[in-house]
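This report concerns only the one structure given below.
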Amino acid sequence: MGQTHTAEIEHDATHPQKSKLAPDFQICLNDSRTLTFFAMHENTNAETTPPNPERKTLDDRAKMTELERIRHSAAHVLATAILRIWPDAQFAYGPPVENGFYYDVELPHRISPEDFEKIEAEMKKEIKANNPFEKLTVTREQAIADANSGRLGGLTERPNGASKFKLDLLKQIPEGEAISYFKNGDFIDLCAGPHVMRTGNIGAFKLTSVAAAYYKGDEKGPQLQRIYGTAFKNKTAMDEYFKMLEEAKRRDHRKIGAEMGLFAIDTEFVGPGMPLWLPKGTVLVEELEKLAKETEFAAGYVRVRTPHLAREKMYKTSGHLPYYAESMFPPMTMVEEDNKKRLHELEQQEADIASKLRNQLKNLTPDLAEKDKEVLMLRTVMGKLQFDQGLLSERYYLKAMNCPHHHRIFAAEPHSYRDLPLRLAEYGTCYRYEQSGELFGLMRVRSLNMNDAHIYCTEEQFADEFRAVNDMYLKYFKIFGLEKYQMRFSTHAAEGLGKKYVNEPELWKKTEDMVRKVLIESGINYVEVANEAAFYGPKIDVQVWSAIGREFTIATNQVDFAVPAKFGLTYRDKDNSNKTPLCIHRAPLGTHERFIGFLIEHYAGNFPLWLAPDQVRVITLNDDEALINYAKGIVSELRTQGVRAEGEYGTDPMKAKIANAEQLRVHTMLVIGARDMEAGAVSVRLHGKGNVGAKPKAEAIADIVASIKERRAN
RNA sequence: GCCAGCGUAGCUCAGUGGUAGAGCAAUAGUUUUGUAAACUAUCGGUCGUCGGUUCAAUCCCGACCGCUGGCUCCA
């Protein structure tokens with residue numbers, strides 16, 4: 001069975017807690033960032049531990065692998081070491097995570113990597129001492145008393161520093177559940193375990209980084225210092241891990257992108273997160289679009305094109321405004337010069353009223369989302385006021401998603417059930433104002449080109465359409481040699497109905513059943529995750545693993561049974577009634593930015609011939625005129641057949657020309673000298689594979705053309 | 001946005017409280033070559049930006065911008 005149902009893994013490092021604020025407005029395709037390494041040689045299901053640990057049951061804990069126990073134990077040793085240096089440290093959570101462990105600590109001293117050596121030295125002492133991890137079961141009263149005395153998460157009692165986080169954690173332990181400590185040396189921690197037997201069982205470890213982290217992941221809670229480290233059974237395993245990190249660094253898309261001249265990010269003039277596609281990167285973009293267009297055409301899609309802007313009304317109707325205004329670029333407001341002053345006054349009034357309203361609401365409603373909604377509603381009203389007063393002629397937004405435009409295309413013409421399914425496809429350009437700390441090379445950007453399409457269909461057609469979309473994913477995976485992939489099937493949770501999710505319990509159930517059925521029937525590897533759906537329907541995130549086992553979330557596929565209604569989209573059904581279509585949002589190739597970023601790493605820049613920006617380079621042995629003419633003829637034949645071929649005829653030593661081409665990752669080099677010319681042949685050299693021998697010119701060209709046409713894997 | 005680290009030529013990196021170097025790349029010559037690098041010369045930097053300390057700042061301090069690792073967020 002390919003499926004692993006892991007509903008008990010509520011979340012993992014790649015899917016941090018969802019927004020507390022209006023998660024019910026996830027309209028379009030999630031471009032979520034996921035870049036985590038899989039723990040080597042360990043099982044691939046249980047390695048993830050929540051960054052903001054919700055309570056794990058004791059059963060969950062018992063399932064910890066040996067490596068996780070080592071890492072969790074290393075976290076205790078880390079705390080022990082920190083306390084020896086800074087006895088006042090207060091500890092919160094210290095779990096194992098995908099590639100190691102961390103411990104969240106509150107400490108006036110700002111720990112920097114310079115401190116690592118000192119901390120590691122203390123850790124080594126504790127490991128050398130080979131203290132046993134002793135489990136002590138205590139009563140709740142005892143635990144509370146120990147926390148109050150500062151003993152928990154400490155080496156001694158600390159009269160001036162109660163273990164406040166441990167105290168808080170105690171409150172979360174349900175009545176009746178056993179409360180236990182783990183003790184190594186003098187260090188006692190509130191902990192359910194399990195651990196390795198002795199500190200000496202931690203074979204190898206290293207501290208890796210320090211970061212800020214909010215207590216329980218709550219932005220409004222105290223900010224702690226999170227010390228990350230990694231630990232392994234032995235040094236060999238750890239060395240292997242760091243070797244893998246090195247390899248990943250070597251394949252980093254930013255590095256290879258620069259080496260190959262694929263893209264540039266001009267933060268000074270264009271802006272952060274807005275990549276420029278250089279000529280060679282554009283080749284990749286266009287090859288992918290070509291692939292998508294062919295595939296979609298064959299699957300019955302039609303193409304549309306839409307502007308990058310839309311009026312405010314569009315996003316009010318879709319529901320993106322006012323809730324998601326902050327994630328969109330601020331609107332372009334056209335204001336008459338005379339009205340600027342009046343507008344400014346109105347904005348001041350708005351700010352005043354909003355601030356008063358906030359204060360009034362502070363005690364009335366503890367639910368922040370509600371409060372913000374009120375304020376945002378006010379903004380909407382004010383916006384209308386401004387508009388009514390003629391102060392604003394227009395307000396336009398850069399689109400952050402394509403769906404509303406596509407909905408308007410659907411609305412532009414009347415539709416009969418006979419028109420459905422209608423599959424509108426577009427490589428749409430979107431702009432999202434991602435927070436500055438989020439930007440990352442091509443992986444997280446502010447301008448993105450999405451392999452988008454919206455399928456409008458009837459309920460009866462849904463299963464077939466959904467299956468076809470999945471088939472398309474599989475087809476792509478095959479082309480790119482992706483052997484490992486997984487779909488995360490996110491469903492709703494009953495308690496969220498009417499709040500987080502549209503209150504259509506039956507439609508939810510029905511749609512989810514349909515989706516699940518298709519997934520199972522297609523034998524697709526998926527996990528089901530409760531309570532992470534979009535507000536309008538279940539969704540599927542697609543995770544793939546690159547050649548070196550790095551995970552990427554590159555696409556989503558969502559079912560929408562709500563938004564088409566907001567736009568009043570209908571079709572005329574057989575019974576002459578108007579019905580609202582279902583809408584499937586899908587983007588198998590995600591965005592160009594992320595997908596190409598992924599491909600760069602997956603192939604380490606060594607693209608298959610059909611994708612390679614430099615497909616063929618004809619290299620002459622010298623600059624003999626007849627030889628150059630022979631070479632030019634070959635280049636010209638190749639180019640006539642659409643092959644990206646260039647000639648290198650200069651007087652540089654052939655070895656230098658080859659080295660140059662290898663460095664640029666030219667896929668195929670045709671090296672020719674007098675010998676080849678006389679035989680009407682070429683010597684074929686493949687990037688990274690070396691000389692593969694001479695063959696007749698026509699044969700070589702035919703091979704190249706065929707490989708490209710078939711999009712062969714290498 | 002938050003915490004930490006980083007920012008020297010197109011790239012990879014040295015370096016010092018007294019206004020900067022190397023290799024590669026680029027350019028110009030020479031070289032006429034059988035599968036990963038021929039030789040010589042030249043060009044190239046307001047040392048991220050702006051302030052401060054100092055006789056003097058690339059170096060010390062501060063702010064800002066950007067990048068990176070995390071956190072938060074992610075339509």
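The values are calculated or read from the model by the stated rules, or taken from the named source; none is laboratory data. Nothing here was measured: the structure is a model prediction, and the numbers come from that model. Neighbour counts run over all protein chains shown; Cβ positions are idealised from the backbone, glycine included. Protein only, heavy atoms only, side chains kept; ligands, DNA and RNA dropped before computing areas. Shrake-Rupley method; radii C 1.70, N 1.55, O 1.52, S 1.80 Å.
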From highest to lowest solvent-accessible area (probe 1.4 Å; ligands, DNA and RNA excluded), A:419, A:652 read A:652, A:419
For residue A:154, distant residues with modelled amide H under 5 Å away: A:188
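Set the Förster radius R0 to 56 Å, insert the Cβ-Cβ distance between residue A:394 and residue A:639 as r into 1/(1 + (r/R0)^6), and round the FRET efficiency to 0.05.
On the way: r = 48 Å, r/R0 = 0.85.
Step by step, r from the Cβ atoms, then E = 0.75.
Report the rotationally averaged projected area of region A:550-622 based on its alpha-carbon convex hull, in square nanometres. Let's see the in-between values first.
Numbers: hull surface 37.2 nm².
So the Cα hull casts an average projection of 9.3 nm².
Report, to the nearest whole %, how much of the accessible area of region A:400-603 belongs to carbon and sulfur atoms, 1.4 Å probe, protein only. Walk me through the intermediate numbers first.
Details: 3200 of 6810 Å².
The value for region A:400-603 is 47 percent carbon and sulfur by accessible area.
Quick one: what do you get for region A:664-714 if you divide its Cα Rg by 2.2 N^0.38 Å? Intermediate results must be reported in sequence, preceding the final value.
Values: Rg = 11.3 Å, N = 51, 2.2 N^0.38 = 9.8 Å.
Cα-based Rg divided by the globular estimate yields 1.15.
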Can you give me the C-alpha center-to-center distance between region A:146-179 and region A:184-215, rounded to a whole angstrom? 17 Å
Which value in nm describes the separation of the simple spin-label points at residue A:249 and residue A:478, placed 7 Å from the Cα toward the beta carbon? 3.9 nm
Percentage relative contact order, region A:49-248, counting C-alpha pairs under 8 Å, at least six apart: 26 percent
Residue span residue A:579 to residue A:197: 0.36 nm per residue of separation minus Cα-Cα distance leaves a gain in nm of 131.0 nm
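Please give the length that would be gained between residue A:145 and residue A:460 if that part of the chain were fully extended, namely 0.36 nm times their separation in residues minus their C-alpha to C-alpha distance (nm, one decimal). Can you show the working numbers first?
Details: separation 315, 0.36 × 315 = 113.40 nm, distance 6.27 nm.
107.1 nm is the gain from fully extending residue A:145 to residue A:460.
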On the accessible surface of region A:616-709, probed at 1.4 Å with all protein chains in place, carbon and sulfur together account for a percent value of 51 percent
Where region A:616-709 is the region considered: accessible area per residue in Å², 1.4 Å probe: 51 Å²
Keeping every protein chain present and rolling a 1.4 Å probe, give me the accessible area per residue for region A:400-603 in Å². 33 Å²
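Sum up the charges of everything whose Cβ sits under 14 Å from the Cβ of residue A:478, counting Lys and Arg as +1 and Asp and Glu as -1, but leave residue A:478 out.
Once positives and negatives cancel, what remains is +1.
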Assuming 0.36 nm per residue, please report the length gained on full extension of the stretch residue A:175 to residue A:646 beyond their Cα-Cα distance. 162.1 nm
So how compact is region A:49-248: Cα radius of gyration and Dmax in angstrom? 15.8, 51
Measure off, as a whole percent, the carbon and sulfur share of the 1.4 Å-probe accessible area of region A:49-248, all protein chains present. 51 percent
Give the whole-number value, in cubic angstrom per residue, of the convex hull volume spanned by the C-alpha atoms of region A:616-709. 82 Å³
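Restricting to Cα pairs below 8 Å that are 6+ residues apart, what does the relative contact order work out to for region A:86-203? Please round to a whole percent.
Numbers: 177 pairs, mean separation 33.6, N = 118.
In percent, rounded to a whole number, it is 28.
What are the semi-axes of the equivalent ellipsoid of region A:154-285, taken as the square roots of 5 times the eigenvalues of the Cα gyration tensor, listed largest first and rounded to whole Å?
Values: eigenvalues 397, 109, 34 Å².
Gyration-tensor ellipsoid for region A:154-285: 45, 23, 13 Å.
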Scattering profile of region A:500-593 at q = 0.21 Å⁻¹ [log10 I(q)/I(0), Debye over alpha-carbon scatterers]: -1.16
Using +1 at the Cβ of each Lys and Arg and -1 at the Cβ of each Asp and Glu in region A:400-603, identify which of A:582, A:417, A:479 lies farthest towards the dipole's positive end. A:479
Tell me the label-point distance for the pair residue A:663, residue A:349, using the 7 Å Cα-to-Cβ offset, in nm and rounded to one decimal. 6.6 nm
On each of the three principal axes the extent of the alpha-carbon atoms of region A:216-279, given in whole Å and largest first, is 47, 41, 14
Measuring from its Cα centre, region A:400-603 shows a charge dipole (+1 at each Lys and Arg Cβ, -1 at each Asp and Glu Cβ) which, in debye to the nearest 20, is 240 debye
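With the radius of gyration and the Kirkwood radius both derived from the Cα set of region A:400-603, what is their ratio Rg to Rh?
0.97
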Take the Cα atoms of region A:256-321, find their three principal axes, and give me the spread along each one in whole Å, biggest first. 45, 39, 15
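Which value results when the Cα radius of gyration for region A:122-188 is divided by 2.2 N^0.38 Å?
Numbers: Rg = 12.8 Å, N = 67, 2.2 N^0.38 = 10.9 Å.
In units of the globular-protein estimate, region A:122-188 measures up at 1.18.
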Solvent-accessible surface (1.4 angstrom probe) belonging to residue A:334, in square angstrom, nearest 10: 80 Å²
For region A:401-485, build the convex hull from the C-alpha positions and give me its volume per residue in Å³. 136 Å³
If you take every residue apart from residue A:309 with its C-beta less than 13 Å away from the C-beta of residue A:309, what net charge results, scoring Lys and Arg +1 and Asp and Glu -1? +3
Mind giving me the nanometre distance, one decimal, between the label points for residue A:233 and residue A:309, set 7 Å out from Cα along Cα→Cβ? 6.2 nm
